[in-house]
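**Student:** Take a look at the following structure, please.
The values are calculated or read from the model by the stated rules, or taken from the named source; none is laboratory data. Bear in mind that the values here come from a model prediction, so they are computed numbers and not experimental data. Cβ coordinates were reconstructed from backbone atoms using ideal geometry, including for glycine residues, and neighbour counts include every protein chain displayed. With ligands, DNA and RNA removed, areas are computed over all heavy atoms of the protein, side chains included. Shrake-Rupley method; radii C 1.70, N 1.55, O 1.52, S 1.80 Å.
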Amino acid sequence: MTLKIRNDDIYDKNGNWLKTISCPKKLARGDLDEGAEGNFTCQICERTIHNTDFMTEEQIVDLLVHYPDSCLSINLRNPIFQTANLED
Amino acid sequence: MLDIKKFVLGWKQKKGLPVDDEIETTGYGVLDEDGVWIGDPKPIKKESRYNFIQKCSYADTPSKLGNVNFLPVVETTYNTTYLNNTRENGYSILIIKRSLNPNLTLKSLLLKNRRTGEYITISSRHVNVQYGGPPVKYPEDEWELIQEIEGYARDRSFEQNWGAYIIPKTIKLGDRVYIEDLIEDIVAGAFWGSVSPAVDAEAIWNGSTLEIDHSAFDRFEKIG
């Protein structure tokens, strides 16, 4: 069971859209400060960036369903995420 | 070397900005007052800033960037005959001595349970857990060390400890280029106990060397 990323949109296993990955400052992980519990803090907007390296798929979906404006840090090597082409 | 002050002055004049305004410069470009990168070329990260969660035990598939930005391609050779031919044809040559990257070393332990006889391979005696909870421990009184396992993530013979980049004649100072066959050993990314070496890269030609821009590997991560 994986979360599918198509362009910058994340979808759950049923194809339901969860979130568009978008940072207005085009930050990278190296630009973030380490925060609590393995998460990061944005230096510019001071928001918590949830580190998905430490989250299960269910935790990610639950977070985005209840807090759709949450910011995520996503490592594309994480097997939870599957990068899809437009045709998929 | 690129004169940053002249570059910034020219950029400000081009944008119609007052020339006495202070704008932070970084790499070969500028940041605006909101911290947003503006201008060309892109900012350069000269070192990898990847934070490893734990020591890596195994190599992930090498990550390839591809020449997605359609940059001039820097050719690589490990052959002195070809090297001398290109040099005689007027190309600039950049010899790179390869050195091992500690962040690409792999370490793990072969342990045997003293009571059950079970064998396992593990990254260390204290293993962080991905989904919370305390580290899993493998104390010596329960697990006998059979062998320390060492490796290296980049699959290349150590006899090949040099290479040469052939600089295209068409590029100029400050140009971004694509290195299709990377000589240097650098980290493209990692995920928990696995590390992925880079096999290609983007770099800036500064007139004497190619400065690899580690920010190109940020595309293997998404923030937002």
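**Student:** Any idea how many residues of region B:189-215 are open to solvent by less than 10 Å² (accessible area, probe 1.4 Å) and within 11 Å of another protein chain (Cβ to nearest Cβ)?
**Tutor:** 5
**Student:** Looking at B:ASN103, is it at pLDDT below 95 and open to solvent by 30 Å² or more (accessible area, probe 1.4 Å)?
**Tutor:** It is true that B:ASN103 is at pLDDT below 95 and open to solvent by 30 Å² or more (accessible area, probe 1.4 Å).
So that you can scan it fast, the table gives a plain yes or no per residue for (1) under 18 Å from A:TRP17 (Cα atoms); (2) surrounded by 12 or more Cβ atoms within 10 Å (Cβ to Cβ):
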position	(1), (2)
A:GLN43	no, yes
A:ILE49	no, yes
A:THR56	yes, yes
A:LEU64	yes, yes
A:PRO68	yes, no
A:LEU72	yes, yes
A:ARG77	no, yes
A:PHE81	yes, yes
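**Student:** Quick check on my filter: what residues within region A:31-41 are farther than 17 Å from A:ASN78 by Cβ and surrounded by 14 or more Cβ atoms within 10 Å (Cβ to Cβ)?
**Tutor:** Within region A:31-41, A:ASP31, A:GLY35, A:THR41 meet the criteria.
**Student:** Report those strands (runs of 3 or more DSSP E) wholly inside region A:1-86 carrying at least 2 residues which are within 29 Å of B:LYS46 (Cβ to Cβ) and modelled with pLDDT of 90 or more.
**Tutor:** Correct list: A:48-51, A:71-75.
Results for (1) free of Cβ contacts under 8 Å to residues at least 40 places away in the same chain; (2) more than 14 Å from the chain's Cα centre (by Cα); (3) on the phi > 0 side of the Ramachandran plot; (4) facing another protein chain (nearest Cβ under 7 Å), shown as yes or no for each residue.
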position	(1), (2), (3), (4)
A:THR2	no, no, no, no
A:ASN7	no, no, yes, no
A:ASN14	yes, yes, no, no
A:TRP17	yes, no, no, no
A:THR20	yes, no, no, no
A:PHE54	yes, no, no, yes
A:GLU57	no, no, no, no
A:TYR67	yes, no, no, no
A:SER70	no, no, no, no
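**Student:** Could you name every one of the strands (runs of 3 or more DSSP E) located completely within region B:109-184 that has at least 1 residues being open to solvent by 50 Å² or more (accessible area, probe 1.4 Å)?
**Tutor:** B:119-122, B:143-152, B:162-167
**Student:** Any chance region B:158-168 includes a residue that's modelled with pLDDT of 90 or more and within 14 Å of another protein chain (Cβ to nearest Cβ)?
**Tutor:** no
**Student:** Another question about this same structure. Restricting attention to region B:185-224, report how many residues are touching a Lys or Arg at 6+ places or on another chain (Cβ under 8 Å), not in a loop (DSSP other than H, G, I, E, B) and not hydrophobic (A, V, I, L, M, F, W, C).
**Tutor:** 10
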